[in-house]
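The values are calculated or read from the model by the stated rules, or taken from the named source; none is laboratory data. Computed from a predicted structure; not experimentally measured. Counting neighbours? That spans all protein chains shown, and the Cβs are built from the backbone with ideal geometry, glycine included. For accessibility, only protein heavy atoms count, side chains too; no ligands or nucleic acids. Shrake-Rupley method; radii C 1.70, N 1.55, O 1.52, S 1.80 Å.
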Amino acid sequence: MATTHSTAPPPTEDGPRRPAVRPRVTRRARARRRQGALYAAPTALFLIVFFVVPVILVFRMSVSDWGLFTGDLGLNAPENFTKALDDRLFWPAVWFTLKYTVVTTVILLGLALAMALVVQESGRWSAFVRTSFLVPSALGLASASLLFYALYSPQASPFNAVLEWTGISEDPVSFLGSPDRALWSTVALVVWRFAGFYMLLLLVGLQSIPGDVYEAARLDGASALQTFRRITLPLLKPSLALCTILCVTGSLLAFDQFYILTKGGPDNSTVTIVQLVYSMAFQGSNDLGRAAALSIVVLGGLIVLNAVQFLGLRGDKDA
Amino acid sequence: MAAVTFAQTTQRYPGSDRPAVDGLDLEIADGEFLVLVGPSGCGKSTSLRMLAGLEDVTEGSILIGGRDVTDLPPKDRDIAMVFQNYALYPHMTVGQNMGFALKIAGMDKAEISRRVADAAEILDLTEYLDRKPKALSGGQRQRVAMGRAIVRNPQVFLMDEPLSNLDAKLRVQTRTQIASLQRRLGVTTVYVTHDQVEAMTMGDRVAVLKDGVLQQVGTARELYDHPDNAFVAGFIGSPAMNLLPARVEGGEVVVGGLPIPLPAGVQASGEVLLGMRPEAVWPADAPTGLAVEIDVVEEIGADAFVYGRPQHATDQKTPFVVRVPGRGVPRAGQTLHLDVDPRQVHLFDPASGLRLG
């Protein structure tokens, strides 16, 4: 007769105890687990094919002599790494990417925070402003870059028309003509495109601060600046940390905007690391192995930087 | 410590036809514990916030210690407030929370930690000074909120329903702690609550508000024994006073066939509203008197409360409540015949609700 409960039989006086009866429930649990695995399988497959395999492939490429047209010609570690690091554009690209990252992050987050503070009151006017700040997010980065390419064009730029009309500058300004101008013009594009998004993230963080905390601060005698410094900013730390990590990682991997706006010019002054990887793989030497090696170096740098950021920005878990 | 005065204070939100607080005239003596009580939307919180400076005063004025503070920002009024949800700074420790206002004021560090330590000792918070609010229970957070107010040594304490987020047992406990703390510190306190039991047990005086208008202010005993209108009569006291329509005929009030002699010195005639508290009526032996059909009986130990419908007015929406001794309690479905103590009845004008006599 089958038992319906999975209990061990009571110990008998004579002889050793019988081992516990395996309950029927296990078969159902096993079937459930199998079912679960089947549900997860398509996504797992997708992940493996489009993520795990390419990463493994890149690792393999980085230690092989692998040309774009010649294919895999066998292992050659660590030659790819040394050649990549010795590339005359490697350190300039690293330096430029870091400079660009710092500039963009500081300006973007500062502006986004200011915008979020302005726009956090509810009201018809602020709702309109909020929406208009978010409109640029509707464009993909490449499309936005093309837009600004046209806006910066030396022949037909509407900015130049305005500058001439207001008398600020006599001759048309070449926005992408010098290394500094190219950098700042690109930063302008990126800030225009992304400020709304980061403003939104910070708005969410701002709104999670309970309103009566501000009233308590008012009663405690804090001025607007003191309230911002000692109450708002500390409580915004998690949101600011998120925005910083997103912005830094995105900026380190900047490609679209420079490829479209400046193509790395003028004179290779705006070459970012990812651009370098691209040019190693698909231009010039067409050396996939070397490009892959550089990608691995970038990956390593990103991991280190993100770890540092996590540790530094972990902030108040109790807030 | 200072007296507080509301002088015809009015608050009207732009765009609304009825003021949230309408011409409030209230004098609070130095060192007094005054409770503002009333149903939701009666204007008690708004009055408190006007006193705090968190809401604008549309008309009238507010004085603290004789000084007109109507246009002063909160930090210049020398007050401290305990919020309903405590409003503790989540990222600061208990000690930092309590010392924040002093730090802003530029007080020197040694003095700040001395004051914080003193307040922590009064409130039994000394071992929690380094914890963040997240790691505290509701009752502890409430004490931190109070501590934050105490260290400021203000002229007036403002408390906005500080007990409403605590569980029932803790509420009763904390109630007595707050009352004794206030007595010990002697600071003028204005306390807002919707719970009339809190109001009755804590305040030196109680002010009842309804729809922005002050209904009555007085000691708990005054409000209980001599409510000025039917609203106060029905609001103060739990379970509420029974209010039934009745008629005055020939020197007697007749309700449901039961004649009650008019209280001395009361002039009334025609239709009136008769108020009887649950303890002012009792089951009579003979089948005469006010007949009430029992719906529900609540036994709470020493007493029991009988809820029913008067036979002569079964369409009454609120049940008629009678307090009976805890033993020998009647059952649902029975009909009680009630006698009334003529010295404990209240008469109100049915139209205006005002007390008669």
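Assuming R0 = 35 Å, what is the FRET efficiency of residue B:201 and residue B:118, from their Cβ-Cβ distance, to the nearest 0.05?
Using R0 = 35 Å, I get an efficiency of 0.80.
When the convex hull of the C-alpha atoms of the protein assembly as shown is computed, what volume per residue in Å³ does it have?
Cα-based convex hull of the protein assembly as shown, divided per residue, equals 343 Å³.
At 7 Å along the Cα-to-beta-carbon direction for both residue B:68 and residue B:8, put a label point, then send me their distance in nm to one decimal.
Using points 7 Å along Cα→Cβ, the separation is 1.2 nm.
Please give the FRET efficiency for residue A:132 paired with residue B:167, using the beta carbon to beta carbon distance and R0 = 35 Å, rounded to the nearest 0.05.
The value I calculate is 0.15.
Could you estimate the translational diffusion coefficient of segment B:105-222 from the Stokes-Einstein equation, with Rh from the Kirkwood formula over C-alpha pairs, at 4 °C and 1.567 mPa s, in whole µm²/s?
The diffusion coefficient I find is 82 µm²/s.
Counting alpha carbon pairs within less than 8 Å and at least 6 residues apart, what relative contact order, in whole percent, applies to segment B:252-335?
Normalised by residue count, the contact order of segment B:252-335 is 28 percent.
In nm, give the distance between the simple-model label positions of residue B:271 and residue A:146, each being 7 Å from the Cα along the Cα-to-Cβ direction.
It works out to 8.1 nm between the two label points.
In whole angstrom, how far apart do the alpha carbon centroids of segment A:223-240 and segment A:59-104 sit?
42 Å
Just the number, please: Stokes-Einstein D of segment A:90-270 in µm²/s, Kirkwood Rh from C-alpha pairs, 20 °C, 1.002 mPa s.
Answer from the Stokes-Einstein relation: 117 µm²/s.
How many Å² of accessible area per residue for the protein assembly as shown, probe 1.4 Å?
Ligands and nucleic acids excluded, the result is 52 Å² per residue.
Please report the Cα spread of segment B:216-308 along all three principal axes, rounded to whole Å, starting with the longest.
40, 38, 18
Given just the C-alpha atoms of segment A:97-181, how large is their convex hull per residue in cubic angstrom?
143 Å³
Relative contact order for segment A:90-270: what percent, with Cα pairs under 8 Å and sequence separation of 6 or more?
Computed value for segment A:90-270: 38 percent relative contact order.
Please give the Cα centre distance for segment B:294-309 versus segment B:194-257, rounded to the nearest Å.
21 Å
What is the spin-label model distance, in nm, from residue A:43 to residue B:225 if the labels are put 7 Å beyond Cα along the C-beta direction?
The modelled label-to-label distance comes out at 7.2 nm.
Within segment B:273-331, report the chymotrypsin sites (Phe, Trp or Tyr not before Pro) that DSSP leaves as loop and that have at most 15 other Cβ atoms within 10 Å.
none
Given a 1.4 angstrom probe, I'd like the percentage of the accessible area of segment A:90-270 that is carbon and sulfur, rounded to a whole number.
Carbon and sulfur atoms account for 68 percent of the accessible area of segment A:90-270.
Roughly how big is the A-B contact, given as buried accessible area in Å² (both sides, 1.4 Å probe, nearest 100)?
2000 Å²
Give the value in nm², to one decimal: projected area of the alpha carbon convex hull of segment A:40-145, averaged over all directions.
Average projection, Cα convex hull of segment A:40-145: 12.3 nm².
At a Förster distance of 51 Å, what's the computed FRET efficiency of residue A:311 paired with residue B:296, Cβ-Cβ distance as r, to 0.05?
My answer for the efficiency is 0.20.
Are there trypsin sites (Lys or Arg not before Pro) in segment B:328-357 that DSSP puts in a loop and that have at most 12 other Cβ atoms within 10 Å, and which ones?
B:331
Could you order A:147, B:129 so the one with the most accessible surface comes first? Probe is 1.4 Å.
A:147, B:129
Return a whole-number percent for the relative contact order of segment A:184-319, with Cα pairs under 8 Å and 6 or more residues apart as the contact set.
RCO, segment A:184-319: 22 percent.
Quick check of the Kirkwood formula: for chain B, what is the inverse mean of 1/r over all pairs of different Cα atoms, in Å?
Roughly 22.7 Å, rounded to one decimal.
In debye to the nearest 20, how big a dipole does segment A:90-270 give about its Cα centre with +1 on each Lys and Arg Cβ and -1 on each Asp and Glu Cβ?
For this selection, approximately 400 debye.
Which one of A:107, A:144, A:176 is farthest out on the positive end of the charge dipole of segment A:90-270, using unit charges on Cβ (Lys, Arg +1; Asp, Glu -1) and the Cα centre as origin?
A:107
Can you list the residues of segment B:33-73 that have at least 50 square angstrom less accessible area with all protein chains present than in their chain by itself, probe 1.4 Å?
B:54
What percent of all Cα-Cα pairs in chain A falls into each 20 Å bin, going from 0 up to the bin containing the maximum distance?
22, 41, 25, 10, 2, 0
Could you state the number of Å between the C-alpha centres of segment B:124-141 and segment A:126-194?
Centre-to-centre distance over Cα atoms comes out at 53 Å.
With only alpha-carbon atoms counted, please give the Rg and Dmax of segment A:243-319, in Å.
15.5, 53
Calculate how large, on average over all directions, the projected area of the Cα convex hull of segment B:153-208 is; give the answer in nm² to one decimal.
For segment B:153-208, the mean projected area of the Cα convex hull comes to 3.8 nm².
Name the lysines eligible as straight-distance cross-link partners of residue A:99: C-alpha to C-alpha under 25 Å, and not fewer than 8 places from it in the same chain.
Within the straight-line cut-off, residue A:99 pairs with A:83, A:237, A:263.
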